[in-house]
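Any read-out appearing in this document is the output of simple, stated calculations on the displayed coordinates, not a laboratory observation. Model, not experiment: these values are computed from the prediction. Backbone-built Cβ (ideal geometry, glycine too); neighbour counts: all protein chains shown.
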RNA sequence: GGCGCAUUCGUCUAGUGGUCAGGACACAAGGUUCUCAACUUUGGAACAGGAGUUCAAUUCUCCUAUGCGCUACCA
């Protein structure tokens, strides 16, 4: 079996450091195993996705040198297929129509709403439309009542999967709600879309951020409902801000964007080398690796479980980004053959208008 | 609130039931240097806390704390 992995960013901003590392690990794994590295743009959140972001992400990937082995997949193009699959599950009785009106909440109090809901309602199966007869459900739908489609999660049992990094993960069904597959406006939701596309693209290994670890149980449920074998999952530790909080554009600005490093004249090879050491190590004291060495040495079982801090000090120009990244770049520049360095210097001088041909 | 994951120098990390707990970056002091880098020498710096298992725990188990994630008709 040939491995097939994908990097699947959602275009809601530029390529940031965390995504870049995810892309790197996927790319290395694909090359290491002689498989394929694919790219899928997850643009199902119409409100937040922009083509500007897509372009910026593509630029970032290009700079890092990760070209996809097949044509780029735009998830929004597959929405009709996802809808079809949701309907199929509905027909098979594995999903049901939920006629509960959509709750409108602002983005701000989502957490509060979750806590509130958790307090008042414990049973995840407690939905008045869950056991509606087919006739009643069809009648309401026929009358034009809007509905979302939810997966009918069994009352008893558990989902489990063996994560390549975090090991065995189990979760009781009672901890998982009847997740929404299709919104009342007909748009597929993230978990459905991901599973459908990963099946369609014949993905064998899903390597992504640890923020999806718990979501994986929901996805396993969808695979099971579809009668498909789930891929192997490997979740990556997160990259945190100096205060161990979330790294974000709003709070941390340009330091997290790949284009910043490109524009600052960093060597992509150096940045890759820096990036690979965030959450992975070969188990030896060597730290400088050529790309070929990385491909040879990279493996999922040397990935760490704990999050890494991307260290920088916004108030100190000497440490505007992680010191190790700066050092790594300098090290590459110092040891590079002059001939290889020349084009970079030339480009730099040209942009400063100090070069005459 | 519930569920889950994690915890080695400031940061990235190595590592083992008995180690002086190793390396890198950063930092400090000295050397070299016209200056700044580079280079070089040296230095400080860590097993979150508490129980338990054991002849012996940083390493195994449990508890606590802290951090992070998920818990949405976001992705």
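Can you give me the relative contact order of chain A as a percent, contacts being Cα pairs under 8 Å and 6 or more apart? Show your work: numbers first, answer last.
Values: 513 pairs, mean separation 64.8, N = 357.
Answer for chain A is 18 percent.
Applying the Kirkwood pairwise sum to the alpha-carbon positions of region A:77-190 produces a hydrodynamic radius of 15.9 angstrom.
When ranked by the protection proxy of mean other Cβ atoms within 10 Å per residue, highest first, what sequence do the peptides A:50-57, A:232-239 form? Please list the in-between numbers first.
On the way: A:50-57: 15.9, A:232-239: 20.9.
Ranking the peptides A:50-57, A:232-239 by packing returns A:232-239, A:50-57.
The distance between label points at residue A:330 and residue A:355 comes to 2.4 nm (points 7 Å beyond Cα on the Cα→Cβ vector).
Could you tell me which of rounded, prolate or oblate describes region A:194-270, using a ≥ b ≥ c as the square roots of the eigenvalues of the alpha-carbon gyration tensor, with rounded for a/c under 1.5 and, failing that, prolate when a/b is larger than b/c and oblate otherwise? In terms of gyration-tensor shape, prolate. FRET efficiency for the residue A:284 to residue A:348 pair, using the beta carbon distance and R₀ = 30 Å, is estimated at 0.30.
Can you give the helix-only mean residue ellipticity at 222 nm for chain A, where every DSSP H stretch with n ≥ 4 adds -39500 (n - 2.57) and the sum goes over all residues, rounded to the nearest 500 deg cm²/dmol? Don't jump to the answer; show the numbers that get you there.
Working: 13 runs with 140 residues, N = 357.
Computed mean residue ellipticity for chain A: -12000 deg cm²/dmol.
Mind giving me the FRET efficiency for residue A:248 and residue A:200? R0 is 30 Å, r the Cβ-Cβ distance, nearest 0.05 is fine. So the FRET efficiency works out to roughly 0.40. The stretch between residue A:113 and residue A:311 holds 67.9 nm of extra length on full extension. This uses 0.36 nm per residue minus the Cα-Cα distance. Averaging Cα coordinates gives a centre for region A:53-123 and one for region A:137-188; these two points are 12 Å apart.
On full extension of the chain, what length is gained from residue A:133 through residue A:2, given 0.36 nm per residue of separation minus the C-alpha to C-alpha distance? Walk me through the numbers on the way to the answer.
Details: separation 131, 0.36 × 131 = 47.16 nm, distance 4.45 nm.
Difference between extended and current length: 42.7 nm.
Most simply put, chain A has about 50% antiparallel DSSP beta bridges, counting only bridges with both residues inside it. Take the Cα of residue A:301, step 7 Å toward its Cβ, do the same at residue A:145, and the gap between the two points is 5.5 nm.
Stokes-Einstein diffusion for region A:146-276 at 37 °C, viscosity 0.692 mPa s, with a Kirkwood radius from C-alpha pairs, works out to 189 µm²/s. A compact globular protein would have a Cα radius of gyration near 2.2 N^0.38 Å; the ratio found for chain A is 1.12. The slack in the chain from residue A:162 to residue A:92, taken as 0.36 nm per residue of separation less the alpha-carbon distance, amounts to 22.4 nm.
In this simple spin-label approximation, residue A:84 and residue A:170 carry label points 7 Å from Cα along the Cα→Cβ vector, and these lie 3.9 nm apart. From the alpha carbon centroid of region A:293-311 to that of region A:218-265 is 14 Å.
Does region A:6-140 come out rounded, prolate or oblate, given a ≥ b ≥ c as the square roots of the eigenvalues of its C-alpha gyration tensor, rounded meaning a/c under 1.5 and, failing that, prolate meaning a/b above b/c? It is prolate, given that a/c is not under 1.5 and a/b is the larger ratio.
Pairs of Cα atoms under 8 Å, at least six residues apart: use those to get the relative contact order of region A:77-190, whole percent.
Numbers: 128 pairs, mean separation 37.2, N = 114.
After rounding, I find 33 percent.
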